[in-house]
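Peer 1: Take a look at this one; I'll ask things after.
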Amino acid sequence: MAKELTIETPMHSSRLKLWELPHHYHCAIIGTCLTIVELQKVARQSRLRNAEDLADYELHALMVQAAAQKEGAGRNLHKQLDRKYHRWLKRLQSLELDEFADYWDMAVEDGDVAGLFWSLMTHPQTPSALVNRVQQQVHMLSHLQGHSHHAKMQRGNHLQQQVKDLQQLLEVRQKNHHKALQQRDQLYQAQQKALQALQQQITQPAPDVSALNKQLQASEKRNRQLLKRLDWAEEQLSHREIRLTELLQGQEGLKEQLHEVMQEKDDLETSLQRFLISCSTEEQDRDSMDLEGRQLVYVGGRRSTLPHLRSLTESYNGTLIYHDGGLENNQSELHNHLNRADLVFCAIDCVSHNACLEVKRHCKKLEKPFVPLRSSSLSAFTSSLHNIINSLTYTDSTETLAPLTSQ
């Protein structure tokens, strides 16, 4: 990675315009301070052709390029930022220069940096050291989002397990509730039979009054016992119904929490993918990383990340061929892809164990480079691809090798 340089920001008498800032600041400002919806609004205002058909990353890249222009989209971006963060701009005017750094630290601690980031970057007297520190901290926030994404996934898995446990407990409670209802019905039927038998005994002439009295007393005693058991059964049934209601409410709450966690996970993963693609494109421009037309085969993984993987590979002057490992594509097609490949990647977390071993054996037989990825995320592929390109660059600088060609 190229060594980061400290940029000296010149002092100005009035607030800087967006196009007056160094161009390498535009990516962080556009990505941090404006949402995709706001960028689409600016694109419509600027009458950019086909902007509504662009992917999120393509729209971001287009706006970063336009930010350096004084007219059109560049001016509309500046107006949008000033309208959105008017309160921060006004607040910064009331502060002394030596209070800027403390105010920034408070914003970072509260997790609300976008408004102050824009205000500090355009303030005419923001110290150069503070400008560089603000830029570096905004860059590092993306890495913290990646760590938070992992924690959210763990929390989601834990909540899923809790939901399963509660569902099992609910099934047990429902069975017990059904048994209690059956017991209550049986007790009620027994009571009715006892009362009918007693009424029949009373209506029949009794040859012995004392024997009849004993039978009556025994029947009354049994009736009292049955009534107690019936009261106990109804009380237990009431408790179980209350507990069942509580469990159902708890289950709904856990489902809502799980849905929120999964939504946060998807949003974080999408943000991280956009950021990594942006960083990769910047590193490509800075280091001139080049695959020299090599063909890459990617086996397994998730289809949702495939457009990003292919875009990243093509930005490095390479081509990407995808195979799902045998779910929908046949094995002969996989062997044909491997025969033509220069590099083979396999996402081991989203492909069968047998498919991964088959790819590895075939690459060994053909003497093809085989790169196992620990996960199907864009970050894992980006890291491995950078390492490979760096190793190819080092090899080309020390030895004379013909570039790899497809077979």
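Peer 1: Order of 63, 140, 289 from fewest to most other C-beta atoms within 10 Å?
Peer 2: Details: 63 29, 140 9, 289 18.
Fewest to most other Cβ atoms nearby, the residues stand as 140, 289, 63.
Peer 1: Residue separation times 0.36 nm, minus the C-alpha to C-alpha distance between residue 211 and residue 227: what's the value?
Peer 2: Working: separation 16, 0.36 × 16 = 5.76 nm, distance 2.42 nm.
Residue separation times 0.36 nm, minus the Cα-Cα distance, leaves 3.3 nm.
Peer 1: Which FRET efficiency value, to the nearest 0.05, is calculated for residue 196 and residue 110 with the Förster distance at 51 angstrom and r the Cβ-Cβ distance?
Peer 2: On the way: r = 76 Å, r/R0 = 1.50.
For R0 = 51 Å, the calculated efficiency reads 0.10.
Peer 1: Based on the Cβ-Cβ distance from residue 251 to residue 391, what FRET efficiency comes out when R0 is 35 Å, to the nearest 0.05?
Peer 2: Numbers: r = 52 Å, r/R0 = 1.49.
E(calc), rounded to 0.05, equals 0.10.
Peer 1: Something else now. If each residue of separation counts as 0.36 nm, what is the full-extension length gain between residue 97 and residue 290 once their alpha-carbon separation is subtracted?
Peer 2: Working: separation 193, 0.36 × 193 = 69.48 nm, distance 4.47 nm.
Taking residue 97 through residue 290 to full extension adds about 65.0 nm, to one decimal.
Peer 1: With the cut-off at 1.5 for a/c, could you classify segment 18-126 from its C-alpha gyration tensor as rounded, prolate or oblate? Present the calculation step by step, with values, prior to reporting the outcome.
Peer 2: Details: a/c = 2.33, a/b = 1.95, b/c = 1.20.
Prolate shape, in that a/c is at least 1.5 and a/b is the bigger ratio.
Peer 1: Hey, another quick one. Based only on other Cβ atoms within 10 Å, what is the fewest-to-most ordering of 357, 39? Walk me through the intermediate numbers first.
Peer 2: Numbers: 357 11, 39 23.
So the ranking, lowest neighbour count to highest, is 357, 39.
Peer 1: Here is a follow-up. Give the lysines reachable from residue 368 as a straight Cα distance under 30 Å; neighbours fewer than 8 places away on the same chain don't count.
Peer 2: 360
Peer 1: Follow-up. Once phi is turned into θ = phi - 60°, what whole-Hz ³J(HN,Hα) does the Karplus curve with 6.51, -1.76 and 1.60 give for every residue of segment 185-196, x standing for Gly and Pro?
Peer 2: Karplus values, whole Hz, x for Gly and Pro: 5, 5, 5, 5, 5, 4, 5, 5, 4, 5, 5, 5.
Peer 1: Among the lysines, select those whose C-alpha is under 30 Å from the C-alpha of residue 164, and discard any that sit fewer than 8 residues away in the same chain.
Peer 2: Answer for residue 164, where 30 Å is the Cα cut-off: 152, 175, 179, 255, 265, listed by chain and number.
Peer 1: Let me ask something else about it. Around residue 300, which amide H atoms from residues at least 5 apart in sequence, or from another chain, sit under 5 Å from its own amide H, with H modelled in the peptide plane?
Peer 2: 323, 324, 325
Peer 1: So if each residue of separation counts as 0.36 nm, and I subtract the Cα-Cα distance between residue 130 and residue 87, what length gain in nm does that give?
Peer 2: Values: separation 43, 0.36 × 43 = 15.48 nm, distance 2.06 nm.
My answer for the length gained is 13.4 nm.
Peer 1: Residue 90: which lysines have alpha carbons under 24 Å from its alpha carbon, excluding same-chain residues fewer than 8 sequence positions away?
Peer 2: Result set, ordered by chain and number: 17, 70, 79.
Peer 1: Let me ask you something else. Under the Kirkwood approximation applied to all pairs of distinct alpha-carbon atoms, what is the hydrodynamic radius of segment 288-398 in Å?
Peer 2: Values: mean 1/r = 0.0714 Å⁻¹.
Kirkwood radius, segment 288-398: 14.0 Å.
Peer 1: Within a 10 angstrom radius of the beta carbon, how do 57, 188 rank from fewest other beta carbons to most?
Peer 2: Ascending number of Cβ neighbours within 10 Å: 188, 57.
Quick note: the coordinates plus some simple rules give every number you see, no bench work behind them. The structure presented is a predicted model; accordingly, all values stated were derived computationally and were not measured. Cβ coordinates were reconstructed from backbone atoms using ideal geometry, including for glycine residues, and neighbour counts include every protein chain displayed.
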